[in-house]
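Below: one structure, written as structure tokens.
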Amino acid sequence: MTSYHSYQPADGHRLAHDPLNAIVAPRPIGWISTTATDGSRNLAPYSFFNLINYSPPLVAFSSTGWKDSVANVEATGEFVWNLATMPQAEAMNVTSASVDSSVDEFELAGLGSVPSSLVKPDRVAGSPVQFECRLTQLIRLTTKEGRELDQWLVIGEAVAIHIDTGMIEAGVYQTALAHPIMRGGGPADYFEITPDRLFKMKRPG
């Protein structure tokens with residue numbers, strides 16, 4: 001018979017580290033580039049991120065605290081999502097540092113940049129996929145009682161998508177070829193998607 005560690009989140013998890021981000025994992029990384037109204041650049045990763053709609057393509061990331069990325073998106077209505085992969089894992093981690101808004105994380109992490117076609121924020125050079133996005137909704141999250149949280153959900157519509165052609169075979173994008181990295185649990189766990197872990201299942205009927 002299975003033994004469960006059960007708890008009510010309001011009372012605390014009673015473990016060494018909150019298990020939520022280890023349970024709902026691995027999670028794709030929202031590596032978000034933005035530009036402030038004064039032209040300064042920002043680049044930061046968010047582990048609360050995902051694609052949430054096909055047509056139009058909508059992506060969302062959630063920020064704990066009113067950070068530079070959120071402030072820039074509110075001010076300009078634009079951002080770019082850059083796919084984080086194993087070759088750029090260390091650089092991505094550097095961009096997670098808490099630094100002053102005047103610091104350019106592209107330069108801090110030694111990353112090159114590529115101009116976007118429809119929005120002002122630059123794309124990360126070397127990232128195999130980038131989505132240029134325009135803001136559709138900026139939502140402050142609340143508890144079930146309606147208490148406002150210092151948590152901000154940003155939803156953007158991808159208006160331009162750039163894919164490294166080396167990731168496409170016979171007209172089909174090959175997820176594992178990019179070796180994307182995903183956020184796991186605990187303070188430092190990440191996972192890499194590799195071709196050897198691929199399996200296929202078709203929907204019934």
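FYI, it's all coordinate maths here, none of it is from the lab. All figures in this text were calculated on a predicted structure; none of them were measured in a lab. Cβ coordinates were reconstructed from backbone atoms using ideal geometry, including for glycine residues, and neighbour counts include every protein chain displayed.
Within region 74-97, the set of residues being of a type outside the set (Gly, Ala, Ser), under 21 Å from LEU108 (Cα atoms) and assigned to a helix (DSSP H, G or I) comprises MET86, PRO87, GLN88, GLU90, MET92, ASN93, VAL94. The condition (being more than 13 Å from the chain's Cα centre (by Cα) and either closer than 21 Å to TRP152 by Cα or in a helix (DSSP H, G or I) (or both)) is satisfied by just one residue among LEU51, LEU135, LEU118: LEU135.
Residue-wise test of (1) in contact with a Pro (Cβ under 7 Å, 6 or more places away or on another chain); (2) closer than 16 Å to ALA160 by Cα; (3) aliphatic (A, V, I, L, M).
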| residue | (1), (2), (3) |
| --- | --- |
| PHE48 | no, no, no |
| ASP68 | no, no, no |
| MET86 | no, no, yes |
| SER98 | no, no, no |
| ARG123 | no, yes, no |
| GLN130 | no, yes, no |
| LEU135 | no, yes, yes |
| THR143 | no, no, no |
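When region 156-181 is filtered for residues that are among the aliphatic types (A, V, I, L, M) and surrounded by 15 or more Cβ atoms within 10 Å (Cβ to Cβ), the ones remaining, listed by number, are ALA158, VAL159, ALA160, MET167, LEU177, ALA178, ILE181. Can you find a residue in region 102-115 that is touching a strand residue (DSSP E or B) at 6+ places or on another chain (Cβ under 6 Å), in a strand (DSSP E or B) and surrounded by 17 or more Cβ atoms within 10 Å (Cβ to Cβ)? No, region 102-115 has no match at all.
Given the residues HIS13, HIS17, HIS5, which is the only one that is of a type outside the set (Lys, Arg), in a loop (DSSP other than H, G, I, E, B) and surrounded by 13 or more Cβ atoms within 10 Å (Cβ to Cβ)?
On inspection, the qualifying residue turns out to be HIS13.
Quick one: would you say ALA25 is surrounded by 15 or more Cβ atoms within 10 Å (Cβ to Cβ), in a loop (DSSP other than H, G, I, E, B) and in contact (Cβ under 8 Å) with a residue 24 or more places away in the chain? Judged against the criteria, ALA25 is a match. Among the residues of this structure, ARG123 counts as one that is basic (Lys, Arg), under 15 Å from the mean Cα position of the chain (by Cα) and either farther than 20 Å from ALA91 by Cβ or crowded, with 21+ Cβ neighbours inside 10 Å (or both).
This table checks each residue for (1) crowded, with 16+ Cβ neighbours inside 10 Å; (2) farther than 14 Å from SER33 by Cα; (3) of a type outside the set (D, E, K, R).
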{"site": "VAL59", "(1), (2), (3)": "yes, no, yes"}
{"site": "SER63", "(1), (2), (3)": "yes, no, yes"}
{"site": "LYS67", "(1), (2), (3)": "yes, no, no"}
{"site": "VAL73", "(1), (2), (3)": "yes, no, yes"}
{"site": "SER98", "(1), (2), (3)": "no, yes, yes"}
{"site": "LEU138", "(1), (2), (3)": "no, yes, yes"}
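The number of residues in region 33-66 being over 18 Å from ASN21 (Cα atoms) and either small (Gly, Ala, Ser) or touching a residue at least 60 places away in the same chain (Cβ under 8 Å) (or both) comes to 17.
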